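First the structure, in the form of structure tokens, and then the observations on it.
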Amino acid sequence: KGSDGLLLLSRSPLVNTQKIDFSDISTLNRRVALTAEVDGQLIVCTHLTADHGAEVPYTGKFKTWKDEHRAQVERLLYNVAKKDQPSAILGDFNCGPKVTNLGIQGELSKSCSLFKMAGHKNALFEFSPECTFCAGNSLNDEDSGDKIIDHIFVKNSFLGSAKILFK
């Protein structure tokens, strides 16, 4: 119904569409994941909670923004694992590893590492590891640093290529 800010589009038919609801573990914004089967693969689109640190005091059911984020990642991975099929999980995860040689700062890295631990590969890292939340973007704070927080995680799935088109 458009109230979560997500959209999943495909040239092929979207089959068995569902929503993974995070509203009971989301504080500021309504968070969900949209799922659909496309050509036999599970496709998931999401936008998870960011770590607002001290800028926005945490008032949710966990201790911190970091804990809320981790709970969303765990629920997402649990629901994807139940499907037991090739999958691609994509979106703004608000987390990513530190990549020193590229000048990339980490963001909620421990939560993001759960995808790798669950057997998912980060497709953008294999094809085009570059910042997706960049200090040079005029919409971001200059002191925000370069981060990779948008991802395509694949498992048992073939991805021919991946690249960032717009920043």
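Remarks
- Per this entry, Ala50 is counted among residues that are touching a residue at least 40 places away in the same chain (Cβ under 8 Å), among the hydrophobic types (A, V, I, L, M, F, W, C) and open to solvent by 10 Å² or more (accessible area, probe 1.4 Å).
- Those residues of the range 106-132 which are in a loop (DSSP other than H, G, I, E, B) and more than 13 Å from Ile89 (Cα to Cα), in sequence order: Gly106, Leu108, Ser128, Pro129, Glu130, Cys131, Thr132
- Single residue of Thr49, Thr17, Thr35, Thr27 found to be touching a helix residue (DSSP H, G or I) at 6+ places or on another chain (Cβ under 8 Å) and assigned to a strand (DSSP E or B): Thr35
- Unique match (being free of Cβ contacts under 8 Å to residues at least 24 places away in the same chain and not polar (S, T, N, Q)) among Lys63, Lys83: Lys63
- Selection from the range 56-105 of residues that are assigned to a loop (DSSP other than H, G, I, E, B) and among the aliphatic types (A, V, I, L, M): Val56
The values are calculated or read from the model by the stated rules, or taken from the named source; none is laboratory data. These figures come from a predicted structure and were not determined experimentally. Every residue, glycine among them, receives a Cβ derived from its backbone with ideal geometry; neighbour counts consider all protein chains shown. Ligands, DNA and RNA are stripped out before the accessible areas are found, and what is left, the full protein with its side chains, is counted by its heavy atoms. Shrake-Rupley method; radii C 1.70, N 1.55, O 1.52, S 1.80 Å.
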